[in-house]
Structure formats: structure tokens, C-alpha cells
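The values are calculated or read from the model by the stated rules, or taken from the named source; none is laboratory data. From a predicted model like this one, the values you see are computed outputs, not experimental measurements. Here the Cβ positions follow ideal geometry from the backbone for every residue, glycine too, while neighbour counts run over all protein chains shown.
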Amino acid sequence: MEEMLDLDAAKLLLQEEKGEVLCILSLGEKLALEEAGALAANNENYLSTQHLSLMEQRLNGIAPVRLVVVPQPKELTTAAERGLIYAMLVRCRKVISCRDKLEDMLLWQAPEKWESAKAEYEDRVMALFKQTWRSHASYPYIIVDDIKAYNKGESYIMKALHQHLSERKPCTDNPGDAEMIAQLKLMFEEISLALLEPEIIILGQGIQAPAGLEGKIYRLNM
């Protein structure tokens, strides 16, 4: 059963809880908690990128881990999400031969932000690889393995991606690009969810708890 939290109670919980906490909030709720000093300001708040944020915090000894997600419409994919999608997929063997076509598809969704997003996420992925390359569970290849596993079931997103890239026209926004990117975003959201093991989940008003997470649930009531 959910417990209700006002702003003061949420701040106290976030300051005292020593385990991992996942907050799924509206943008207004997130900003209110930041202004109250309950959360550190963080511009990266997309579920599809949380596997990267989670690894960074764990490996860099940041404790307690705080992950914040602001839900967004399925059809909206940010430059940050596309930058990480590219950094991960170019490390998949089947995508190497069509990486230029992949970049062209992602670029045309927001060309003015593409180069900076691409560079930022490549740098962050490489930084984690340098920390983990000696490990059996090295990053990003644990995520590459998750991509392979994800595509062994009913979801054949990588096969659809390969077909789409082979048919699209370069240097323009093609029909089907937005839907293809939305499918890739969904894949990474589900991969992130599978890695999260929060002790506490704080939900904003009207937000449903993701399936498969078993932490204690609180509802923010501001």
C-alpha cells in the first residue's frame, strides 16, 4: 500500500534513506524537490538513459544513489537519449556496417544539438569502459548483451532498424524515422528498468509504478 508524502516528508526521507531511491515525477515536482534541497539538480532525467546514470553513480562511489525520471510522451525523444542510443548501438556488431546511416537518422531529429550530444555520451560511455574493462561485467558491453537478449524474444527491433536504415534516404527526415527512434527508446527504457533495484520508489501525482520494480512505494502529495 502506498504511503503519502508531503514536501517536508519527502525531503526528510531522501536525506535519511541510505538505499537506492527512484523518483518518477513531473517536471514541476522534480524542480520543487530540487529547490527544497531534497534532490541534487540533474538535467538527465530520462528512463532510457538511467542505466548509464546508475553505473556512473555506483562506480564512482556516489551514495546513496538517487535516480530521477520525468516521464515524457512516447513520440518525444531528446538529444540526450539519441546521443546515448548512438553510443550504445555502434558497439553492436550488426550495426557497425551501417553506423553512418544510423547517425544520419538520429541527426535529422535535432541537427543543432546532435554533435554535442554525440560527443558527450561517447565520452561518458568511454569513461565507464576505462573503469570496467578488466571486469567480467564491463560497461557498455553488459548493455550490448542486454540488447542481444532483448531481441531474442518477440521484439525484433534491431532487425527492423537494419531494414529501415537500408531503405531510408540520407540527409533528410524520412517517414518512419520517428517511430523507429521511439522503438529504440522503449528498448532502452526496458533495459534500464531491468537494472534498477531501488529500495524506495517515490511517485508523482497520477504516475503509475513501472511493472517489475519491488521497492516500497510512496506517493508525493504537494
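The set of residues in the range 1-23 that are within 19 Å of A63 (Cα to Cα) and surrounded by 14 or more Cβ atoms within 10 Å (Cβ to Cβ) comprises A10, K11, L13, L14, E17, E20, V21, L22, C23.
In the range 161-180, of all residues being within 21 Å of the chain's Cα centre (by Cα) and not charged (D, E, K, R), the one that is farthest from S97 (Cα to Cα) corresponds to A178. Of the candidates E103, E122, the single residue that is out of contact with any Leu (no Cβ under 7 Å at 6 or more places or on another chain), more than 21 Å from N174 (Cα to Cα) and either at pLDDT 95 or above or polar (S, T, N, Q) (or both) is E122. Of the residues examined, E29 is one that is more than 15 Å from the chain's Cα centre (by Cα), touching a residue at least 60 places away in the same chain (Cβ under 8 Å) and in a helix (DSSP H, G or I). Residue-level analysis places L47 outside the set of residues that are farther than 26 Å from N221 by Cα, among the hydrophobic types (A, V, I, L, M, F, W, C) and assigned by TED's automatic domain parsing to the domain that holds Q205. Close Cβ contacts (under 6 Å, 6 or more residues apart or on different chains) running from residues in the range 68-79 that are within 11 Å of Q109 (Cβ to Cβ) to residues that are among the basic types (K, R) comprise T77/K185; A79/K113.
Taken together, L84, L102 contain a single residue that is crowded, with 19+ Cβ neighbours inside 10 Å, under 18 Å from the mean Cα position of the chain (by Cα) and not assigned by TED's automatic domain parsing to the domain that holds G204, which is L84. The residues listed here are G176, G206, G215; of these, the one that is farther than 20 Å from G83 by Cβ, crowded, with 16+ Cβ neighbours inside 10 Å and of a type in the set (G, A, S) is G215.
Looking only at the range 139-152, count how many residues are without any contact (Cβ under 8 Å) to a residue 40 or more places away in the chain, surrounded by 15 or more Cβ atoms within 10 Å (Cβ to Cβ) and either part of a helix (DSSP H, G or I) or in contact with a Ser or Thr (Cβ under 6 Å, 6 or more places away or on another chain) (or both). Within the range 139-152, residues that are without any contact (Cβ under 8 Å) to a residue 40 or more places away in the chain, surrounded by 15 or more Cβ atoms within 10 Å (Cβ to Cβ) and either part of a helix (DSSP H, G or I) or in contact with a Ser or Thr (Cβ under 6 Å, 6 or more places away or on another chain) (or both) number 1.
Selection within the range 191-203: residues that are in contact with a strand residue (DSSP E or B) (Cβ under 7 Å, 6 or more places away or on another chain) and not in a loop (DSSP other than H, G, I, E, B). The member of this set that is surrounded by the fewest Cβ atoms within 10 Å (Cβ to Cβ) is I200. Report whether or not F188 is surrounded by fewer than 17 Cβ atoms within 10 Å (Cβ to Cβ) and of a type in the set (A, V, I, L, M, F, W, C). No, not satisfied. Here Y121 fits the description: surrounded by 14 or more Cβ atoms within 10 Å (Cβ to Cβ), of a type in the set (S, T, Y), part of a helix (DSSP H, G or I) and within 22 Å of the chain's Cα centre (by Cα).
Looking only at the range 93-111, how many residues end up being aliphatic (A, V, I, L, M) and not in a helix (DSSP H, G or I)? Number satisfying all stated conditions: 1.
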